[in-house]
Amino acid sequence: MPMPTSAEMSILFEENDLQLRQFIAEHKMTLKRRGISEEDWTERSGEPIRDQIVQAFAIIYGVAVDWREFDEDIVLLFGKMIPEQVEVENTDEGLNVVYDGRSYSIPLSFSPKDRYITIRGFQSIVRDRYEVRLLEASYLSDTHEFVILPVTTWEELERSYPGKIGEVFRTIDDDLDFP
């Protein structure tokens, strides 16, 4: 799956209606495949522009994780967002993840806390190249939206939008879980 461009990332922070319309037009086919038409966006015109932008961005580049998601599916969904090969299998202790030819273990507790144990485990595996962050707007939902970007892209965004990045994205830490 291709990563968002710098221009596409900028719409999250600049909140420009014209940029949103261009983004929707550029991703018209992807949106259509996901059952969303341009008319659907026209109906959302009464919503705050920030909400519309985050929704559009999440549909194109986000990974939706429901609080009941199977842990191996979370790894596979995240793995589809990066070019390196990712495989996963269940074990008696949790998950065995193969990333870029190397094997890693993610021990699970076999409880509802496992969703974020899996997410943090995946983050730990890919941390040299990528970072997973939560779209802040999805936090209070039972389905969280994540974006995976190269570490260098996150660093660039931190420099370009230091006051805004925390409003849009939440870093994955030990305390983060479904509310």
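Loop-located trypsin sites (Lys or Arg not before Pro) across the range 97-179 with a Cβ neighbour count of 12 or fewer within 10 Å are Lys113, Arg127, with loop assigned by DSSP.
Among the trypsin sites (Lys or Arg not before Pro) in the range 17-100, those placed in a DSSP loop whose Cβ has at most 12 other Cβ atoms within 10 Å are Arg34, Arg68, Lys80. Taking every C-alpha pair closer than 8 Å and separated by at least 6 residues, the mean separation divided by the residue count of the range 31-154 gives a relative contact order of 24 percent. Per-residue ellipticity at 222 nm from helix content only, as computed over the chain with -39500 (n - 2.57) for each DSSP H run of at least four residues, stands at -12500 deg cm²/dmol.
Here the simple spin-label model places points 7 Å from the Cα toward Cβ, and for Met29 and Asp175 these points are separated by 4.5 nm. Contact order, relative form, for the range 114-162: 31 percent (alpha carbon pairs under 8 Å, 6 or more residues apart, mean separation divided by residue count).
Taken together, the values in this text are just the output of simple stated rules run on the coordinates, not laboratory data. All figures in this text were calculated on a predicted structure; none of them were measured in a lab. Methodologically, a virtual Cβ is constructed for each residue, glycine included, from the backbone with ideal geometry; neighbour enumeration extends over all protein chains shown.
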